[in-house]
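Report on the structure given below.
The values are calculated or read from the model by the stated rules, or taken from the named source; none is laboratory data. Keep in mind that this is a model prediction, so the values were computed, not measured. A quick note on method: Cβ atoms are made from the backbone with ideal geometry, for glycine too, and the neighbour counts reach across all protein chains shown. Protein only, heavy atoms only, side chains kept; ligands, DNA and RNA dropped before computing areas. Shrake-Rupley method; radii C 1.70, N 1.55, O 1.52, S 1.80 Å.
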Amino acid sequence: MLGGILISFPLYLIRSQPGERMTRHATAISQMLISALWIHLSGGRIETHFMVFGSLAFLAFYRDWRVLVTGSLVVVVDHYLRGLYWPVSVYGAVGSSPWRWLEHTGWVLFEDTFLFLAIRQSIAEMQSIATRQTDAEEIEASLRKSERGFRSIFELAGSGTFELCAKTARILRANRKFCEYTGYDEREVLDLKLFDLIPPGEVAEREAMFARVTSGELERYSGEKCFIRKDGSQFWAIVTGSRMLDL
């Protein structure tokens, strides 16, 4: 019954106010009082005192050093009062030194020191991860914005613009102006390769030039070339091409 009383209020707060500071501190107090109850029920056996240290380690998962302070104060006050008025409940002996609580306090502070350091390091790592994630999200947002801008420029360009696969020379995308020049619609053009739009007699020369650009041997290419429309007619256009790295 006492155990149920000790945990009832923290459980209510966990359900009604999760994540609140009051909930964390109420949980810390309840956890340490439950440890004190187990020590009492075991007749003050030294092994049961380890539950105190386990409870402190459990509370460290909150990553809040104030919660550890609250839990530690409960342990110190409990050992002091019970050691003074009811030593058999906490130490298992009727006669005990009135200063024995200081020994237990020292061990609690010893563990708290390392838990404080662990909490500090954990928070620093979380902040570092959050900073990197924020930077990554900002970069991603910037890239999306740049991509939208590029697409707008690509689609609204006054000249025919198209993008090719460096390995197969297949057309990956083309703007409306390019479709108007070649006579293909936006779906049909994606089934074509660059060399499907070139007169047969010029394919070998254009393949060699395409290979030089895609390999990086030639930074930029520009020249007036002949192309074939969907209806078989030919037209001349000034072509400018360069390699684009897809990261």
**Prompt:** Out of region 47-122, which trypsin sites (Lys or Arg not before Pro) are coil in DSSP terms and have no more than 16 other C-beta atoms within 10 Å?
**Reply:** 63
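Between residue 110 and residue 93, what is 0.36 nm times their sequence separation minus the Cα-Cα distance? Round to one decimal in nm. Walk me through the numbers before you get to the answer.
Numbers: separation 17, 0.36 × 17 = 6.12 nm, distance 2.48 nm.
Separation in residues times 0.36 nm, less the Cα-Cα distance, equals 3.6 nm.
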**Prompt:** How much area per residue is accessible in the chain when the probe is 1.4 Å and only protein heavy atoms are counted (Å²)?
**Reply:** 66
**Fill in**
Length-normalised contact order of region 53-208, Cα under 8 Å, at least 6 apart, in percent, tallies to 13
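For region 171-247, what ratio Rg/Rh do Cα atoms give with a Kirkwood hydrodynamic radius? Don't skip to the answer; put the middle values down first.
On the way: Rg = 12.8 Å, Rh = 13.4 Å.
We get a ratio of 0.96 for region 171-247.
For the chain, give the percent of accessible area contributed by carbon and sulfur heavy atoms, probe 1.4 Å, rounded to a whole number.
Values: 10000 of 16420 Å².
Looking at the chain in its full context, I get 61 percent from C and S.
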**Prompt:** Roughly how many nanometres apart are two label points built 7 Å out from the Cα toward the Cβ at residue 84 and residue 159?
**Reply:** 9.1
**Item:** region 44-141, dipole about Cα centre (Lys/Arg Cβ +1, Asp/Glu Cβ -1), debye to the nearest 20
**Value:** 620
**Request:** Could you list the residues of region 37-54 with an amide nitrogen less than 13 Å from a label point located 7 Å from the Cα of residue 121 in the Cα-to-C-beta direction?
**Result:** none
**Request:** Taking amide H positions as placed in the peptide plane 1.01 Å from N, state which residues far from residue 173 in sequence (5 or more) or on other chains have amide H under 5 Å from it.
**Result:** 163
**Request:** Apply 1/(1 + (r/R0)^6) to the Cβ-Cβ distance of residue 21 and residue 148, taking R0 = 51 Å, and write down the FRET efficiency to the nearest 0.05.
**Result:** 0.75
**Asked** Is the shape of the chain best called rounded, prolate or oblate, per the rule: a/c under 1.5 gives rounded, else a/b larger than b/c gives prolate, else oblate, with a ≥ b ≥ c the square roots of the Cα gyration tensor eigenvalues?
**Response** prolate
**Prompt:** So what is the 222 nm mean residue ellipticity for the chain from helices alone, if each DSSP H run of at least 4 adds -39500 (n - 2.57) and you divide by all residues, rounding to the nearest 500 deg cm²/dmol?
**Reply:** -20500 deg cm²/dmol
**Asked** Please state the equivalent ellipsoid semi-axes for region 1-69: what are the square roots of 5 times the Cα gyration tensor eigenvalues, largest first, in whole Å?
**Response** 22, 15, 7
